[in-house]
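Here the structure is laid out as structure tokens; the discussion comes afterwards.
The values are calculated or read from the model by the stated rules, or taken from the named source; none is laboratory data. Just so you know, these numbers come straight off a predicted model, no measurement behind them. Because the Cβ atoms are built from the backbone with ideal geometry, glycine has one as well, and the counts that use them run over all protein chains shown. These accessible areas exclude ligands, DNA and RNA; they are computed on the full protein's heavy atoms, side chains included. Shrake-Rupley method; radii C 1.70, N 1.55, O 1.52, S 1.80 Å.
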Amino acid sequence: MSLSNKELGKIGEKAACSFLEKEGLKLLAKNYRALRGEIDLIMSRGGEIIFIEVKTRSSDSYGYPLESITEVKKGHIFRTAQMFLRENNLEDAEFSFWAAAVYADKKKNIEKVEIIKDIFV
């Protein structure tokens, strides 16, 4: 039985979060929504706020996971991040945007988590 895209996405977000927590990041929010955007994970490390877009794939038939983060998507992420910073009185905080490419097999087994820092550079 194959997974729906939504189920696969949730598995990928959980795997990315666990991976990043083991790397010393602290989870602040999951699936933060504002206006027309959503940020999968918002984490912090050393005073820096890190906004993370997670893309999960169980095959490469739709391309590399990060290819789906278009300029339009980046704009939505950026505006949503601004809302999060305003709502939490963090306008002066350092922040960055990362992506997590998560690879899983058809049976929900995570094969690899790849973190790409500073995706807006």
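Taking the range 25-47 as the range and being open to solvent by less than 50 Å² (accessible area, probe 1.4 Å) and out of contact with any His (no Cβ under 6 Å at 6 or more places or on another chain) as the test, the residues that pass are Leu25, Ala29, Asn31, Tyr32, Ala34, Glu38, Ile39, Asp40, Leu41, Ile42, Met43, Ser44.
Suppose the filter is among the aromatic types (Phe, Trp, Tyr), at pLDDT 90 or above and either open to solvent by 40 Å² or more (accessible area, probe 1.4 Å) or closer than 18 Å to Ile110 by Cβ (or both); does Phe51 pass it? Spelling it out, it is not the case that Phe51 is among the aromatic types (Phe, Trp, Tyr), at pLDDT 90 or above and either open to solvent by 40 Å² or more (accessible area, probe 1.4 Å) or closer than 18 Å to Ile110 by Cβ (or both).
The single condition from (1) free of Cβ contacts under 8 Å to residues at least 24 places away in the same chain; (2) among the charged types (D, E, K, R); (3) not in a helix (DSSP H, G or I) that Lys55 fails is (1). Applying the condition of being modelled with pLDDT of 90 or more and open to solvent by less than 30 Å² (accessible area, probe 1.4 Å) to the range 95-112 and asking which residue is farthest from Ile52 (Cα to Cα) yields Val102.
A residue that is over 14 Å from the mean Cα position of the chain (by Cα), open to solvent by less than 30 Å² (accessible area, probe 1.4 Å) and aromatic (Phe, Trp, Tyr) occurs somewhere in the range 76-94. Only a single item in (1) on the phi > 0 side of the Ramachandran plot; (2) touching a residue at least 40 places away in the same chain (Cβ under 8 Å); (3) touching a strand residue (DSSP E or B) at 6+ places or on another chain (Cβ under 9 Å); (4) of a type outside the set (Val, Ile, Thr) is not met by Glu13, and it is number (1).
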